[in-house]
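> To start, I am sharing the structure in question, which I have written as structure tokens.
Just so you know, all these numbers are worked out from the coordinates, no wet-lab data involved. In this text the structure is predicted, and so the values were computed from the model without any measurement. Here Cβ is always computed from backbone atoms with ideal geometry, including for glycine, and neighbour counts include all displayed protein chains.
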Ligand code: SF4
């Protein structure tokens, strides 16, 4: 199988684009997609700091590596990493070690925070306290994990004074999120965005146009240590059910993930609804209503979060 752009051997066949790419052209293709997405989502100015949410997994490792490549020669843009240890025994410690190692190799300052220190409980403790028997959808570990991580990243990013936080959501993550909200009839959640405010640190998703398997391939070709171990809670999530279905659909109809993302982006262009953030009555963090989602969830297991 030859590269569609040169005569070298191809390392990937992109069924959605009809292209076959050799290693050089594939790496270029991923980096081009990241740069294009960055240009679309954020304008960094001289002196800005960009924080990367670094879990130590393949997506965030690739993200940090690519961003260091893009901004490495610019001395006026500083890149830092923020690692969140949710407290998932047997899983997260290995990734935290991996994150520290990569940050050191790339000479990036890493700031490590844990759920235990900030919220008073590890995710494992929260899951035990919440129970999983009833209302699984609302009490699933990923719901707690996602909401609390987002709250923590925003708070830390604000305290560090970063211009934006880059998260490693890839094309699959984004297509899954859009579908999940469609299925739940909660499209309003996707259209809602905070108005520009000092309380919310802007978030960017530079890997949004890169399929998950290509993120993994990029990581391997660049010699990054790519772990494939799955979080023990992943299979309990609603996202996991969507993921299997979407993967099957993508196999039969290449390009489905891009169609979902592009269709949604067209919708958002016209319908985005900005809201003025309020301060949560309990913890003071910014939110759309009176109580933020983190406090709402934590109160279900009798934890009062007061930073
Ligand atoms: Fe958290 Fe769910 Fe991801 Fe595990 S799979 S790290 S619980 S969001």
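> Find how much the distance from residue 112 to residue 28 grows on full extension, using 0.36 nm per residue of separation minus their present alpha carbon separation; answer in nm with one decimal. Write out the running numbers ahead of the final one.
Numbers: separation 84, 0.36 × 84 = 30.24 nm, distance 3.14 nm.
Separation in residues times 0.36 nm, less the Cα-Cα distance, equals 27.1 nm.
> How much of the calculated P(r) for the range 26-73 lies past 14 Å, in percent of all Cα pairs?
Working: 645 of 1128 pairs.
Tail of the P(r) past 14 Å holds 57 percent of the pairs.
> While we're on this one: Counting other C-beta atoms within 10 Å, which of 1, 220 has the fewest, and how do the rest follow?
1, 220
> Also: As I understand it, the value is the acute angle between the Cα axis of helix 58-71 and the longest principal axis of the Cα atoms of the chain; what does it come to in degrees, rounded to 10?
For 58-71 against the chain, the angle is about 70 degrees.
> Still on this structure: Label residue 75 and residue 100 with points 7 Å out from Cα along Cα→Cβ: what is the distance between them in nm?
Distance between the two pseudo-spin positions: 3.1 nm.
> Can you tell me how much longer the chain between residue 142 and residue 184 gets when fully stretched, taken as 0.36 nm per residue apart minus their C-alpha distance, in nm with one decimal?
Contour length minus Cα-Cα distance gives 13.5 nm.
> What FRET efficiency, computed as 1/(1 + (r/R0)^6) with R0 = 22 Å and r the Cβ-Cβ distance, is obtained for residue 158 and residue 42, rounded to the nearest 0.05?
0.85
> Here's another thing I want to ask about it. Run lengths n ≥ 4 of DSSP H only: what is the helix-derived mean residue ellipticity at 222 nm for the chain, with -39500 (n - 2.57) per run over all residues, to the nearest 500?
Numbers: 13 runs with 151 residues, N = 307.
It lands at -15000 deg cm²/dmol.
> Tell me the angle of helix 238-252 to the major Cα principal axis of the chain, expressed in degrees between 0 and 90 and rounded to the nearest ten.
Its long axis makes an angle of about 20 degrees.
> Here is a further query. Mind giving me the nanometre distance, one decimal, between the label points for residue 290 and residue 129, set 7 Å out from Cα along Cα→Cβ?
Computed distance between label sites residue 290 and residue 129 equals 2.3 nm.
> Compare the peptides 222-229, 203-210 by average per-residue count of other Cβ atoms within 10 angstrom and give them in order, highest first.
So the peptides 222-229, 203-210, ranked by packing, come out 203-210, 222-229.
> Between residue 16 and residue 267, what length in nm is gained on full extension when 0.36 nm per residue of separation is reduced by their alpha carbon distance?
88.2 nm
> At each listed q (0.16 Å⁻¹), what is the log10 of I(q)/I(0) that the Debye formula gives for the range 35-181 modelled as equal alpha-carbon point scatterers?
Log10 of I(q)/I(0), two decimals: -0.93.
> Within the range 52-82, which residues have the backbone N less than 17 Å from the label spot 7 Å out from residue 6 along Cα→beta-carbon, could you tell me?
none
> Would you please state the base-10 log of I(q)/I(0) at q = 0.08, 0.11, 0.13 1/Å for the chain, with intensities from the Debye formula using one equal scatterer on every alpha carbon?
-0.37, -0.72, -1.03
> Please list 240-252, 287-299 highest first by mean number of surrounding beta-carbon atoms within 10 Å per residue.
The densest-packed peptide leads the list: 287-299, 240-252.
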